[in-house]
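There's a structure below that I have some questions on.
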Amino acid sequence: MFLRNKPQMEVIIGPETTIKGNLITKGAARIDGQIEGNVDADWIIIGETGVVKGDISSRGVIIDGKVQGNITTTEIVEIKSKGEVQGNLNTPKLAISEGAFFEGHSHMTKREQDSKTTVLPLSPA
């Protein structure tokens, strides 16, 4: 997850913390507490005690806690075995572990190819 551009962990919301309002950061955010509002971050990790009641927008999200809201990513949504999502997903890649809970609709988008990637045809040998 963090290997591509090495985003820094900018925000850590502890298990005893509740935020009422939107969270916006350019780095990664780990949520072990509760957020009642929208979250917009480069990468988002929702721990087992984490709860988000609002929409999420990110490159990627790993969910081991609870989300009540819609999730939009440009890379991946991963719902771990203890994760719960109630909302719609819009992502090019979706991973749901056994035991996870998902209630909503998923819309798989095509991931745009990196402009530096060149596809060459195979030549006959």
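Those residues that are basic (K, R) and touching a strand residue (DSSP E or B) at 6+ places or on another chain (Cβ under 8 Å), I need them from segment 46-103; list them, please.
Passing the criteria: K53, R59, K66, K80, K93.
Next question, about the same structure. Yes or no: segment 44-65 includes at least one residue that is modelled with pLDDT of 95 or more, in contact with a Leu (Cβ under 8 Å, 6 or more places away or on another chain), surrounded by 17 or more Cβ atoms within 10 Å (Cβ to Cβ) and in a strand (DSSP E or B).
No, segment 44-65 has no match at all.
Restricting the search to segment 25-41, which residues are surrounded by fewer than 19 Cβ atoms within 10 Å (Cβ to Cβ) and either touching a Gly at 6+ places or on another chain (Cβ under 9 Å) or at pLDDT below 95 (or both)?
If the condition is that a residue be surrounded by fewer than 19 Cβ atoms within 10 Å (Cβ to Cβ) and either touching a Gly at 6+ places or on another chain (Cβ under 9 Å) or at pLDDT below 95 (or both), then T25, K26, G27, E36, G37, N38 are the ones that fit.
Only one of E10, E16, E98 is in a loop (DSSP other than H, G, I, E, B) and in contact with a Gly (Cβ under 7 Å, 6 or more places away or on another chain). Can you tell me which?
Being in a loop (DSSP other than H, G, I, E, B) and in contact with a Gly (Cβ under 7 Å, 6 or more places away or on another chain) holds for just one of E10, E16, E98, which is E16.
Another question, then. Does segment 72-81 include one or more residues that are of a type outside the set (V, I, T), modelled with pLDDT of 95 or more, farther than 21 Å from Q8 by Cα and part of a strand (DSSP E or B)?
No, segment 72-81 has no match at all.
Looking at (1) part of a loop (DSSP other than H, G, I, E, B); (2) over 15 Å from the mean Cα position of the chain (by Cα), which is the one condition that is false for K26?
For K26, the failing item is (2).
While we're here: Does V39 qualify as being over 11 Å from the mean Cα position of the chain (by Cα), closer than 27 Å to H105 by Cβ and free of Cβ contacts under 8 Å to residues at least 24 places away in the same chain?
No; evaluated as a whole, the condition is false for this residue.
Any residue in segment 71-98 that is of a type in the set (D, E) sitting within a Cβ distance under 8 Å of a residue that is part of a loop (DSSP other than H, G, I, E, B) and modelled with pLDDT under 95? List the pairs, counting only those 6 or more apart or interchain.
If the second residue must be part of a loop (DSSP other than H, G, I, E, B) and modelled with pLDDT under 95, the pairs left are E75/R111.
The values are calculated or read from the model by the stated rules, or taken from the named source; none is laboratory data. Since this is a predicted model, take the numbers as computed values, not measurements. Cβ sites come from the backbone with ideal geometry, for glycine too, and all protein chains shown count toward neighbours.
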